[in-house]
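Here's the structure, in structure tokens; my notes come after.
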Amino acid sequence: MNYLKAILIENDKETIRFFDEIIENYSAVVAMIAVKSSLKSALELIVQERPDFIIMDCNKQNYDAIELLRKTQIVTPKFIFMSKEPSNACLAFKYNAIDFLLKPLELNLLIIAFYKVMKYREMELAYQNSKVIQVNTAEEENKMEDVIAISSSDKINLVKIIDIIFLKAEGAYTIIQLKDGTKIFSSKNLGEYKQTLPQKSFFRIHHSYVINVKELYKIIKKDGTYCEFINGIVLPVAKRRQDEFFKFMRL
């Protein structure tokens with residue numbers, strides 16, 4: 001498979017012959033998909049074939065066709081512009097030319113232009129790959145944020161955070177109450193878990209309790225404040241934490 005795909009926009013037979021000879025000798029680097037008389041006539045082919053770059057003359061017709069090409073839903077190919085007039089270089093680079101070549105073309109400069117396209121493509125691919133890695137890493141981190149490691153004396157339990165109803169301090173240890181009725185004893189203290197768990201859904205209602213507010217069934221305000229859960233368990237809210245708790249719950 002050839003490394004780069006190109007389309008040549010050219011009418012001059014000598015220039016076309018020159019490119020044919022070059023491509024034949026550098027077929028491992030560049031494959032010429034087609035030769036067209038104008039960029040506008042090549043638009044449909046460009047959309048279908050997605051060339052890496054297009055070589056063409058500096059002229060208004062080609063510049064106008066670039067605007068049409070940019071309106072398509074494809075990544076715009078790189079451009080190498082050619083001209084007999086050095087003054088056309090400024091306008092060519094305004095259209096994001098990878099390179100500008102003077103006619104008659106010089107072999108070495110043309111090969112350098114090919115490799116410029118190659119380097120640009122490599123940089124773009126490297127950037128895309130880095131973004132993919134970032135996204136994958138973020139997804140993995142998000143997955144890990146959904147799980148908490150609970151250490152006991154002889155093992156480590158990986159528990160989904162959404163399965164936790166509340167955590168209870170038991171001296172220097174912690175008991176984690178899960179939805180299915182399971183209780184897990186941890187060798188870590190309650191304060192360590194409070195720092196680890198998501199701040200938006202876990203609140204310390206008491207010196208001894210951190211609750212998952214998403215699992216609350218009702219808040220009882222009679223002779224104090226209490227939190228009742230769907231499993232019927234009722235836990236007290238410490239008086240000194242009530243105001244903060246109501247603000248947290250937006251009550």
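Go ahead and run the numbers for FRET between residue 12 and residue 106, Cβ-Cβ distance against an R0 of 22 Å, rounding to 0.05.
Once the sixth-power term is evaluated, E becomes 0.85.
Cross-link list 155/239; 13/71; 200/222; 155/247; 188/222; 188/221: which exceed 28 angstrom alpha carbon to alpha carbon?
Check vs 28 Å cut-off fails for 155/239; 13/71; 155/247; 188/222; 188/221.
If you place +1 on the Cβ of every Lys and Arg, -1 on the Cβ of every Asp and Glu, and leave all else neutral, what size is the dipole of the chain about its Cα centre, to the nearest 20 Debye?
Result for the chain is approximately 1560 debye, rounded to the nearest 20.
List the residues, sorted by chain then number, that are 5 or more residues from residue 188 or on another chain and whose placed amide H is less than 5 Å from its amide H.
151, 174
Applying the Karplus parametrisation 6.51 cos²θ - 1.76 cosθ + 1.60 with θ = phi - 60° to the phi angles of region 34-50, what ³J(HN,Hα) value in whole Hz is obtained for each residue in order, glycine and proline being reported as x?
6, 10, 10, 7, 8, 5, 4, 6, 9, 4, 4, 5, 4, 4, 6, 8, 6
How large is ³J(HN,Hα), in whole Hz, for each residue of region 82-90 in order, when computed from phi with the Karplus curve 6.51 cos²θ - 1.76 cosθ + 1.60 and θ = phi - 60°, using x for Gly and Pro?
10, 6, 7, 10, x, 5, 6, 4, 4
Using a Cα-Cα cut-off of under 22 Å, which lysines could be cross-linked to residue 116, ignoring same-chain neighbours fewer than 8 residues away?
5, 78, 84, 94, 103
Identify, among 66, 27, 127, the residue whose Cα sits farthest towards the positive end of the charge dipole of region 4-141, taking +1 on the Cβ of Lys and Arg and -1 on the Cβ of Asp and Glu, with the dipole about the Cα centre.
Farthest towards the positive end: 66.
When the helix-only estimate is applied to the chain (DSSP H runs of n ≥ 4, each -39,500 (n - 2.57), divided by the residue count), what is the mean residue ellipticity at 222 nm, nearest 500 deg cm²/dmol?
Taken over the chain, the calculation gives -12000 deg cm²/dmol.
Kindly state, to the nearest 0.05, the FRET efficiency for residue 85 paired with residue 43, given R0 = 25 Å and r defined as their beta-carbon distance.
0.45
Expressed in nm to one decimal, what extension gain is obtained for the pair residue 199 and residue 218 from 0.36 nm per residue of sequence separation less their Cα-Cα distance?
4.8 nm
Computed from the coordinates by the stated procedures, all read-outs in this text should not be read as laboratory data. Since this is a predicted model, take the numbers as computed values, not measurements. FYI the Cβ positions are ideal-geometry reconstructions off the backbone, even for glycines, and counts take in every protein chain you see.
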